[in-house]
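All remarks here apply to the structure that follows.
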């Protein structure tokens, strides 16, 4: 898989660019990237780009980024300490786990009681459905909380890797570096006039 797979985005539709080989059998062979939806009957206007154009855009954007290295690192670390904190979510997750356990126990109890003692079945069904509904509501929120915790932890890890790599860099680059590309770039966006915007992993956007 190419290092550019799922990294080049169409400004028109938000979809990914895919690779295509031109002149695959002769000396004019060339790899280009274009919007995967371009020929799906939809009239998206974004142009194709070559690997060389994407690489040149990355070099330009990266060199602009390192001129503000200290500020970028400080911002990324601030985001990690504030937006990536999961304490409140972890506490909510714990309370939801307790609530679900109680609801499961209550449901089991009324099922056992209904099997043991003759009851009004309409009343029983109402109680049973009410408990199931409360459990489903708690479970849906629990799933949201778990997903939010995972997203924040993943963002924190990405930012930590990003700042670690950036701290280790010294000065600008004159050639494309695939390791820097892989560790620092979230994606690039291609506009209608072939303008290329590089979005780095800390959220910084630079038009090359």
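Every number here is computed from the coordinates shown, using simple stated rules; none is lab data. The shown structure was predicted, so the numbers you read here are calculated from the model rather than taken from an experiment. A quick note on method: Cβ atoms are made from the backbone with ideal geometry, for glycine too, and the neighbour counts reach across all protein chains shown.
Observations on the structure shown:
- Selected from 128, 62, 17 as most flexible by GNM, with the chain as the system and alpha-carbon contacts under 10 Å: 128
- Angle in degrees between helix 121-168 and the longest Cα principal axis of the chain, rounded to the nearest 10: 30 degrees
- Computed FRET value (nearest 0.05) for residue 127 with residue 94, which takes r as the C-beta separation and R₀ as 25 Å: 0.40
- From least to most packed, judged by other beta carbons within 10 angstrom and beginning with the fewest, 99, 77 follow the order 77, 99.
- Normalised contact order of region 1-148, rounded percent, pairs of Cα under 8 Å and 6 or more residues apart: 14 percent
- For region 102-208, the Kirkwood estimate of hydrodynamic radius, built from reciprocal distances between every pair of different alpha carbons, is 19.0 Å.
- By the count of neighbouring beta-carbon atoms within 10 Å, fewest first, 82, 199, 46 end up ordered 82, 199, 46.
- Region 69-171: relative contact order as a whole-number percent, Cα under 8 Å and 6+ apart: 54 percent
- Extension gain from residue 48 to residue 161, taking 0.36 nm per residue of separation minus the Cα-Cα distance: 37.6 nm
- Percent of alpha-carbon pairs separated by more than 22 Å within the chain: 65 percent
- GNM top mover of 160, 101, 11 - the chain, alpha-carbon springs below 10 Å: 101
- Top of 109, 179, 36 by mean-square fluctuation, Gaussian network on the chain, Cα under 10 Å: 109
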